[in-house]
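S.K.: Pasting a structure here, questions to come.
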Amino acid sequence: RKCLCSSYFVPDQKDIISIVSSQRRIMMSTSISDPESGQATAAPAADPPDEINEERESDSDGHENIRSQWRKERSERTESVGAMQVDEPAPQLNRLFYRGRSTPRERIMLARALSMRRQAAAMDGSDGSQEGVPSDQARQATSNTQSGEEQLHETVERENDSARSGVLRRISRMSEILITAMLVEDSPEGEVVAAEPVRLSERKWASLASVMCILLVVLTVSLSVTLILKSEKTTSLEPSFEPSPPPSFDQSPTLEIIQARGKVTCGESSILIKEEEINLDLCRAIAAVLFGSPDNYKGIAVDTTNRFQTLKERKIDLLARPCTHTVEREVNEKYTGVGFSFSTPYEYGGLIYFGKPDFVACAEQQKRYSECAYLQICTKRSTTWSDLLEKMFPSDYLLQTPSIEDMDNMLLNGTCNVIASMKFFINQKEPLIEGERNGTFVFGKSLLSKEPFAIATRNDDREFSDVVNRIIETILYEQGQKEPMLCQNQSDPTPRDVLDLNWTNSVHCVGNYTEIFGDIGTLNPLNENASGSLYATPFGNLGDSTINNASSKDMLPRIRKNESFSCGVAVPDNFNGNITGSDRLVCMSVEYCRTLAAALHNGDPETTFLSFPEADSNSFIALANKTIDVLVGGRIEPRYNFKQSPSLDGVHFSTPYYYGNESTDEVSVYAIATREDDALFSSFVNTVVLATIYAQENGINSTDMLEMPLVSSFGSDVSWALRDAVAYSGNYDAIYAECFGRNVDRASRGRNRVNEILAVEQPKACSK
């Protein structure tokens with residue numbers, strides 16, 4: 001017993017067809033068991049009604065709905081398929097699915113099959129010779145109908161075989177009709193369920209899924225943008241007091257790591273590594289002290305764009321290539337967001353113009369019209385040089401090069417008519433020197449900037465930074481010369497105490513300052529008695545950024561919060577007076593304490609003083625155990641840079657504020673001492689000392705304090721620190737006159753005056 005299948009159609013479609021598994025008529029000619037007698041009886045040969053009773057109704061859109069029904073000839077109950085009574089719709093259908101689309105070809109074939117079926121039904125009704133027994137002609141028609149329908153069935157099966165699945169396919173073409181066809185068999189093996197129309201969600205699942213995905217993407221993007229904007233709005237310019245995440249690197253002291261590795265790694269310019277020039281000798285000198293051999297080093301190429309990041313990531317131990325020391329880089333280097341330590345400068349210079357005479361004059365006058373309209377200045381990018389020139393000239397007058405060598409070559413080939421560089425580098429290029437000799441090129445008349453070159457190290461290990469600084473100072477000030485026979489090779493590779501290092505190996509193995517730098521060195525103008533030794537390290541852009549690594553344990557926020565400041569003052573052993581009413585060196589020390597207090601507390605100089613005999617190490621012990629916040633009046637002694645005992649940690653010394661005993665070979669240098677475990681506070685103290693020298697260099701006094709730069713790099717709440725300091729104390733000469741008298745001749749002050757040879761005239765900013 002095989003039956004027509006029932007189909008459910010997409011609404012609003014005019015063309016409706018039924019895909020059938022077989023178009024055979026329902027012929028109940030087989031034996032059916034009588035439920036009352038239990039005997040099999042033959043099915044009567046009555047004219048069967050139409051298998052499909054199509055009842056057409058018009059819906060609200062004017063379209064016709066078709067409700068397909070089928071009925072049985074006998075009233076016996078059949079459990080497997082069908083209805084309970086004759087003419088009753090069949091609610092039970094086997095759950096087998098044919099999913100497909102009607103096409104014009106299928107419609108034609110179905111129409112032909114339907115026509116043949118009707119012809120067979122008519123012949124069967126008129127020519128049947130016996131009730132319930134079809135005539136030969138009817139059988140032939142039925143056979144033809146079955147043959148055509150089977151052919152149709154095979155065609156439909158073949159064309160729609162790939163589309164059989166339990167998922168309804170979405171068809172966008174209006175000429176095609178989406179249907180669900182259910183095959184009905186008299187002995188279903190699967191689950192028998194009630195037939196029901198295909199729901200909208202099943203028909204449109206792909207469209208709905210696409211819409212949901214788009215909505216989720218839009219929601220995600222909107223939420224991300226909202227969170228970013230909210231984060232930017234809530235970001236504070238104040239130092240963050242949250243603890244930093246634990247480091248993922250080896251936390252052993254840098255010195256131990258280097259000695260275990262057997263080499264010190266130095267960041268260098270690729271050109272200097274290749275030619276083994278000056279700065280590589282500094283790296284060799286450090287290796288000589290650490291290992292007893294100048295060959296235990298490795299040069300790693302870095303450039304101006306990645307040098308500090310490479311150092312921060314511990315891929316190198318130090319930067320030996322020329323690197324300008326600025327307070328900004330000491331506190332918060334702009335490309336890495338962290339601060340670095342710098343050694344005593346081994347080279348003092350400044351930016352200067354060099355090139356064709358007429359255009360050098362144009363550059364110095366900052367003139368860009370008439371005969372100066374074709375001015376082109378070359379300089380090295382990502383440096384303090386380029387930062388300065390960008391403030392002085394529009395960008396179309398500047399050409400920034402990746403290296404000094406490229407800059408020099410562009411001057412020689414005529415691409416530029418002026419370069420902005422340092423004599424230190426210009427004097428190393430023979431074609432440039434020859435051009436100066438024959439008058440093709442000339443130097444400018446004044447320096448544009450201050451460029452103190454120093455070795456840079458990470459500031460999270462001040463002991464190693466102090467080791468490097470001590471080696472550089474040995475090269476600068478040691479009276480000895482290179483003596484290979486005295487170069488002591490250390491046979492023991494295990495880490496040694498820093499106090500056991502042989503500092504003179506730097507000179508004996510590599511050479512002193514003159515032997516390394518030769519005639520191009522320009523250090524002497526700063527260190528000779530006749531020129532003055534006060535020199536303010538350039539600040540950089542201290543007002544452009546704010547630190548993000550401060551914690552509540554740091555000295556700077558703690559002192560400001562507690563509103564108290566304790567200053568230890570080292571006094572001569574025979575001093576018996578009152579330190580707050582004294583003069584000369586003690587007065588200088590007290591005044592610098594008060595100046596520092598004014599910078600910390602919004603102009604308030606109130607300070608708590610504790611005095612210590614100069615020769616007594618108790619002053620440094622008091623600093624180590626936090627009895628005092630800073631120590632003034634003590635001489636700089638290299639041994640105090642390193643930890644002496646469990647109760648005497650290493651200290652950090654600021655820029656010197658006084659030079660004594662200049663008539664002897666042993667010049668005494670006095671500075672402010674701070675604990676080494678707080679690099680930020682040490683930098684702040686050093687910056688306040690530099691502020692008094694900077695004010696002197698630029699002619700700023702207490703009434704002009706608004707000309708001092710802002711320093712929000714230490715936190716927005718102390719951005720006026722240098723203004724408050726100068727408002728209280730004035731410039732360096734004002735402090736000196738207060739303590740030594742106003743009638744002291746400047747020339748007789750020796751080193752205690754600003755170095756005029758390296759003085760810089762502040763350039764005018766470009767007016768746009």
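The values are calculated or read from the model by the stated rules, or taken from the named source; none is laboratory data. Keep in mind that what you see is a predicted model, and the values were worked out from it rather than measured. Glycine also receives a Cβ, built like all others from the backbone with ideal geometry; neighbour counts cover every protein chain displayed. Please note that ligands, DNA and RNA were not included when accessible areas were found on the heavy atoms of the full protein model with its side chains. Shrake-Rupley method; radii C 1.70, N 1.55, O 1.52, S 1.80 Å.
S.K.: When region 399-428 is examined, which residues are found to be under 15 Å from G349 (Cβ atoms), outside any helix (DSSP H, G or I) and of a type outside the set (A, V, I, L, M, F, W, C)?
M.R.: Correct list: S421, N427, Q428.
S.K.: Looking only at region 632-657, filter to residues that are in a strand (DSSP E or B) and out of contact with any strand residue (DSSP E or B) (no Cβ under 9 Å at 6 or more places or on another chain); which one of those is least open to solvent (accessible area, probe 1.4 Å)?
M.R.: The extreme case among them is L648.
S.K.: Examine region 431-444 for a residue that is surrounded by 19 or more Cβ atoms within 10 Å (Cβ to Cβ) and free of Cβ contacts under 8 Å to residues at least 60 places away in the same chain, and state whether such a residue exists.
M.R.: The answer is yes; a qualifying residue exists.
S.K.: Related question: State whether the residues of region 658-666 include one that is at positive phi and surrounded by 23 or more Cβ atoms within 10 Å (Cβ to Cβ).
M.R.: Checking region 658-666: not a single residue is at positive phi and surrounded by 23 or more Cβ atoms within 10 Å (Cβ to Cβ).
S.K.: Search region 329-358 for residues that are among the β-branched types (V, I, T) and pair each with any residue that is open to solvent by less than 20 Å² (accessible area, probe 1.4 Å) when their beta-carbon atoms are under 6 Å apart and the residues are at least 6 apart or on different chains.
M.R.: V331/G339; V331/S683; V331/S713; T336/F308; T344/I472; I352/G444
S.K.: Further question: Can you tell me which residue is farthest from N731 (Cα to Cα) among those in region 577-596 that are of a type in the set (G, A, S) and out of contact with any strand residue (DSSP E or B) (no Cβ under 7 Å at 6 or more places or on another chain)?
M.R.: G577
S.K.: Just name the residue that is most open to solvent (accessible area, probe 1.4 Å) out of those in region 344-381 that are touching a strand residue (DSSP E or B) at 6+ places or on another chain (Cβ under 8 Å) and assigned to a loop (DSSP other than H, G, I, E, B).
M.R.: Of everything passing the filter in region 344-381, R381 is most open to solvent (accessible area, probe 1.4 Å).
S.K.: From (1) farther than 25 Å from L542 by Cβ; (2) open to solvent by less than 10 Å² (accessible area, probe 1.4 Å); (3) in contact with a Pro (Cβ under 8 Å, 6 or more places away or on another chain), pick out the condition that doesn't hold for V669.
M.R.: In the conditions (1) farther than 25 Å from L542 by Cβ; (2) open to solvent by less than 10 Å² (accessible area, probe 1.4 Å); (3) in contact with a Pro (Cβ under 8 Å, 6 or more places away or on another chain), V669 misses (2) alone.
S.K.: Report the residue count in region 290-322 for those that are touching a residue at least 12 places away in the same chain (Cβ under 8 Å) and over 25 Å from S386 (Cα atoms).
M.R.: Residues meeting the conditions: 13.
S.K.: In addition: Among the numbered conditions (1) part of a loop (DSSP other than H, G, I, E, B); (2) open to solvent by 20 Å² or more (accessible area, probe 1.4 Å), tell me where L610 comes up short.
M.R.: It is condition (1) that L610 fails.
S.K.: Something else now. Among the residues that make up region 337-354, is at least one of them touching a Phe, Trp or Tyr at 6+ places or on another chain (Cβ under 7 Å) and more than 30 Å from G532 (Cβ to Cβ)?
M.R.: Within region 337-354, none of the residues are touching a Phe, Trp or Tyr at 6+ places or on another chain (Cβ under 7 Å) and more than 30 Å from G532 (Cβ to Cβ).
S.K.: Check whether at least one residue in region 365-374 is touching a Gly at 6+ places or on another chain (Cβ under 9 Å) and either touching a residue at least 24 places away in the same chain (Cβ under 8 Å) or over 18 Å from V468 (Cβ atoms) (or both), and report yes or no.
M.R.: So far as region 365-374 goes, no, none of its residues is touching a Gly at 6+ places or on another chain (Cβ under 9 Å) and either touching a residue at least 24 places away in the same chain (Cβ under 8 Å) or over 18 Å from V468 (Cβ atoms) (or both).
S.K.: So, in region 307-323, how many residues would count as being at pLDDT below 90 and of a type outside the set (D, E, K, R)?
M.R.: 3
S.K.: Which ones in region 720-752 are open to solvent by less than 20 Å² (accessible area, probe 1.4 Å) and more than 19 Å from Y592 (Cα to Cα)?
M.R.: The one that is open to solvent by less than 20 Å² (accessible area, probe 1.4 Å) and more than 19 Å from Y592 (Cα to Cα): G750.
S.K.: Another question, then. Using the structure shown, decide if P246 is at pLDDT 90 or above and assigned to a loop (DSSP other than H, G, I, E, B).
M.R.: no
S.K.: Filter region 251-270 down to residues that are open to solvent by less than 90 Å² (accessible area, probe 1.4 Å) and in a loop (DSSP other than H, G, I, E, B) and give me whichever is modelled with the highest pLDDT.
M.R.: Only one residue tops the list, namely G262.
S.K.: I'm trying to understand the selection: among the residues of region 457-486, which are within 16 Å of H652 (Cα to Cα) and either among the hydroxyl-bearing types (S, T, Y) or part of a strand (DSSP E or B) (or both)?
M.R.: T457, R458, S465
S.K.: If Y728 meets every condition in (1) touching a Pro at 6+ places or on another chain (Cβ under 8 Å); (2) at pLDDT below 95; (3) under 20 Å from G603 (Cβ atoms); (4) not aliphatic (A, V, I, L, M) apart from one, which number is that one?
M.R.: (2)
S.K.: Separate question: Only one residue in T703, T692, T687 is surrounded by 24 or more Cβ atoms within 10 Å (Cβ to Cβ), assigned to a helix (DSSP H, G or I), more than 30 Å from the chain's Cα centre (by Cα) and among the β-branched types (V, I, T). Which one?
M.R.: T692
S.K.: Residues being closer than 22 Å to R307 by Cα and either within 27 Å of the chain's Cα centre (by Cα) or aliphatic (A, V, I, L, M) (or both): count how many of those fall in region 380-425.
M.R.: Count: 20.
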